[in-house]
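Okay, structure first, notes after.
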Ligand code: X2X
């Protein structure tokens, strides 16, 4: 029998439980990544998940789906899937989201960022905020930055030290048409394909080369698929963005939003430091495996910068002249 007393008791129980039970929270949130735990990228996601679980005392559980499996391996669809709520959260590369958020092409402008300080000057300053605003406008809530790293050029044919060395080389690229422009203007023959398809294409010789951070080259054993030459040209670096689908974000209490964000910031900072500190050892490992590593002289570097100027002419208006200028100023003032 329902009495006044039992109703009151039930209401009291509900009130006691509600802040803890959070009936509208999912039992588990999906987190998409492209690279799994063996790579710094996957470790960034692992750290986020671990910190959130710990700090929420197990109330918020996230599960990582790597290799872009939630979008059948098509990493350039990750952002759209997050926007539509098909994916709850992601730690994604600016490259893979740039087809949907044109401002993210900023980081792919060749030779915009000469060193790690330059990356930080952009991500941690006003340009970084403007990029986050652009992501937010598209229905995804960005929380923090991580890092995939400076992307170096490998190939199976020759040691590349000047633009003309790229003539006719078939290079695997990913992401936005900006990469087509960069490699075409250098005289190469770029082909866009997902990461899943990249290693098979290198193995069969369907492509001659690719570009990825040293950590990716190392862990994925790209040396074993005939990539004997590696040029450290530092032409661009892709930051990672920790983000939540805005539809999902709105279901969290303000306290839990703050918790998710701070955990992402801490995980990103941890991963950036870790991956940067591992670079020297990674390079040594790659050399030990017999890969011929080429570093550019200042003159050779300048030749690449000059040869890729047309990419700025085409892409600055698309990305936004103000944003590009803001980023260039941040880079120029980075040591102040
Ligand atoms: O596909 C790539 O090259 C990778 C793994 O670096 C990205 O997802 C951008």
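Values in this text are rule-based calculations from the coordinates and carry no lab data. Computed from a predicted structure; not experimentally measured. For neighbour counting, all protein chains shown are included, and Cβ atoms are generated from backbone atoms with ideal geometry for every residue, glycine included.
Summed over segment 286-299, the residues that are surrounded by fewer than 16 Cβ atoms within 10 Å (Cβ to Cβ) and in a helix (DSSP H, G or I) give a count of 4.
Scanning segment 242-264 turns up one or more residues that are within 20 Å of residue 43 (Cβ to Cβ), within 16 Å of the ligand (Cβ to nearest atom) and crowded, with 21+ Cβ neighbours inside 10 Å. Scanning segment 93-115 turns up no residue that is assigned to a helix (DSSP H, G or I) and without any contact (Cβ under 8 Å) to a residue 12 or more places away in the chain. One residue stands out in segment 39-68 among those that are under 28 Å from residue 278 (Cα atoms) and loosely packed, with under 15 Cβ neighbours inside 10 Å: the one that is farthest from the ligand (Cβ to nearest atom), namely 54. None of 176, 156 is surrounded by 21 or more Cβ atoms within 10 Å (Cβ to Cβ) and either over 30 Å from residue 254 (Cα atoms) or within 15 Å of the ligand (Cβ to nearest atom) (or both) except 176.
Scanning segment 224-267 for residues that are out of contact with any helix residue (DSSP H, G or I) (no Cβ under 7 Å at 6 or more places or on another chain) and more than 26 Å from residue 101 (Cβ to Cβ) turns up 224, 228, 229, 231, 232, 253, 255. Residue 118 satisfies every condition listed in (1) assigned to a helix (DSSP H, G or I); (2) within 15 Å of the ligand (Cβ to nearest atom) except (2).
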